[in-house]
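Everything on this sheet refers to the single structure shown next.
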Amino acid sequence: MRRPDAIGKHVGWAAGILALLLLAAAPARAISSKSSSFSNVVDDIDMGGQTVASASYSQQYGFGELAQTTMTDSGSAYDARAGLMPIYEFPGTITGFWASSGTTVGSVHLQWTAPGNDGYESNTKGARDFVVAYSTTASLSPASSQTAFNAALSAGGFLGSVPAPQISGTLQTMTATSLTPGVTYYFAIEAQEADGLYGNLSLGATAVATLGLSEITDLTASSTTVVGQIDLSWTAPYYTGTNPPVSYVAVYSTSEMNTQSDFQTVDSTSFSIGNALPGGSRQTFQLSGLAACTQYFVAIVGKDSGTPPAQAPWYRNAVSSTPYVNYYNYATTAGCTRVPDVPVNVALTTGAASNTLAWSAVTMLNDGTLFTSTGTPPAQDLEGYDVQLSTWPDAPDGDWTDLTAGCDPTSPSNCVAVSTNPYKVDNSTWVAACQTQACYYRVFAVNTAGFSLPSNERSTATDDLWSVFVETTPVFESAMMDVPATYAASTLANFYVYAAPQYQDISSNSPVVTSVDFEALLGGVTLDPTTRLAGAANLTMTYSIDSSGNVQIASLRPALAPATAQDLSLFWWNGNGWIQAYGKVQTLSDSISVQTPFLGKYQLRLAQVPGGFAFDPSGLSNKFITPNGDGKNDNAVFNFANPQFSSVSGKIFDLQGRYIADMSAPSGGCAGGPGQCLMWDGRGSNGTIVSGGVYVYQLSGGGTHYNGTIVVIK
């Protein structure tokens, strides 16, 4: 949903009148006309898209042709488009607006009838967006006036995920969620046309957010040092019903519980927790008497004391397949084959005669279970470390040099001793070689069960941190994220960046060459999906070429026709969908790279790549900005396609064509990598916040220009 213009239809009127003035053939003001048989009741421009009609006359208000861009260059001031400025009248007032308590806790059901274009014209879509405002105070109901509507929006009372407008007369519905149960909400709705003008306010609608018991959404489970015990933790649910106290239904099982049906039917064991703490409190429980070295699944729901009891949706602790998240009950070493945790905080110091590696001592197994001794660990926990070196970061395992000469679980004496940390590499041959080319070091922890995952690599050339995935069959391909040392130190202290293959995650029609998930694991064990780098890292994904010069596909969805490297593009999963990040193709190294501050899922695909700079209005993060420093809509980001990494500039003008400011690259980077977006923060060239109103943006790149409008709300 685009946040609406807080100055309402007055801004729309200003934009509309200005557009009329730009029409060369149009008079500056519509003149009222009258005769004995005809009367024009409209002075200036009609205000609500109303149809004027009588028994012998009918007038519809919709006129103006869309402007066509014919510009080929850009000056220092605003470049006008050729053609007429588009003129639209307001959509009709929304009717049938109604609210009722929803079917889930904290929800309200809304419905209304879609208006038409220019009022109530049939078989048309009269709006580009719907804007829904709400308040929890009757005297501040957004339906009471346009001022109250705008005030509710400014106070944060606006709904997201409002459905797109349909043909006039269509009954449209939505459910507002995450409201406070038991609280009365006052709603109003407006329709917005493509040029930003708004229709009149609807009548108000009032409903109480559904009472009940909120869902538990953050249950976690972790192993302990006590045999057969798992620690549980969650946030106690909120309850607004009339049958306290709230207690729990809780079960555990060795079978997965992926659905509500599983929860009710799997072979599980119930256990008693007792009553819930006050809503929002952190609650814990120790589940004991479990079998050692066994994976358990735990599920929990809240219930009240009614007859029958009201029960919230069920929730089980989340399961992650990679690598070793703390939901297992590995509480003893007896019969368990677990390798050590991966070393983290690997640091490299280079010198003229030696290179020195250091890392944080490993103190747990790969499932998060602490070693059985806080002193010297027994061999089943940790025997030592293995240090390896290579002259290329994505070398297959067989191409790394073992600097510890035969370290393995059966020959622990060949490993770096647990007490030897830091470790000095003083082999003159290798030290000299690494002074003329980049070398890469990695460290393994070793116990009687085997080797840990390899640590993130460190480069002698830059001390950068490298997270690397390598696949050698059926074809060679790799994915590497090179994190600059400064960002690694500030963002990834105590973290391991795991490059996990994700071949099964193919969610598009494009053939996938490689799919990798870069996961930040705290301590090498616990996934933290919120971790973001302090600046851009360099992501490189490689591919293989066959004898005919075509890209080899090793995915479940092969290419329908031969494709070359120029058909490749990188994609990043932003949590809601795949974002095309393009990337620079390097044919000499059979690779494609892009700079990005984001971890997470990336895919290398065969996909259509545009020839040059292109912008679509859907790439604008938000049409309305409120630069008040509250972290919500403080700026607008213009995302565009720039596969050739052309020089792209952005400018802001007022409606009179006066220059206001230049856009800049956002400090947090672009979803598609550098050169793929620009940002405006609502400030003029002098650094002060501009006045509220409508402004014109212009994006220019590769001889192509795109114009549009953006609204500042103050």
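Couple of notes before you dig in:
- For region 417-458, the convex hull spanned by the alpha carbon atoms encloses 92 Å³ per residue.
- Percent carbon-and-sulfur accessible area, region 326-454, ignoring ligands, DNA and RNA, probe 1.4 Å: 51
- Taking 0.36 nm per residue of separation and subtracting the current Cα-Cα distance, fully stretching the chain between Thr206 and Ser544 would add 115.6 nm.
- Under Karplus coefficients 6.51, -1.76 and 1.60, residue-wise ³J(HN,Hα) of region 452-468 in Hz, glycine/proline x: 6, 5, x, 5, 4, 7, 10, 9, 6, 6, 10, 6, 5, 9, 10, 10, 10
- Checking the cross-link pairs Lys623/Lys651; Lys584/Lys632; Lys651/Lys714 against a 25 Å limit on the alpha carbon distance flags Lys584/Lys632 as lying beyond it.
- Accessible area expressed per residue, region 563-714, with surrounding protein chains retained (probe 1.4 Å, Å²): 41
- Accessible area of region 445-504 divided out per residue, in Å², using a probe of 1.4 angstrom: 36
- Whole-percent carbon and sulfur share, accessible surface of region 527-669, 1.4 Å: 48
- Multiplying the residue separation of Asp402 and Thr420 by 0.36 nm and subtracting their alpha-carbon distance yields 4.8 nm.
- Shape of region 580-714, Cα gyration tensor, a/c cut at 1.5: prolate
- Separation of alpha-carbon centers, region 625-656 and region 139-207, rounded to whole Å: 27
- Note on Asp463 and Ser154: with the Förster distance fixed at 51 Å, the Cβ-Cβ geometry gives a FRET efficiency of about 0.60.
- For region 360-489, the equivalent ellipsoid derived from the Cα gyration tensor has semi-axes of 25, 18, 16 Å, listed largest first.
- Modelled FRET efficiency - R0 30 Å, Thr448 with Thr269, Cβ distances, 0.05 increments: 0.35
- With one equal scatterer per alpha carbon and no solvent term, the Debye-computed log10 I(q)/I(0) for region 347-421 at 0.23, 0.28 1/Å reads -1.20, -1.32.
- Hypothetical label at Ala665: residues of region 629-649 whose amide nitrogen lies under 13 Å (7 Å Cα-Cβ projection): 645-649
The values are calculated or read from the model by the stated rules, or taken from the named source; none is laboratory data. Note that this is a predicted model, so its numbers are computed, not measured. Cβ sites come from the backbone with ideal geometry, for glycine too, and all protein chains shown count toward neighbours. Keep in mind that these areas ignore ligands, DNA and RNA; they rest on the heavy atoms of the full protein, side chains included. Shrake-Rupley method; radii C 1.70, N 1.55, O 1.52, S 1.80 Å.
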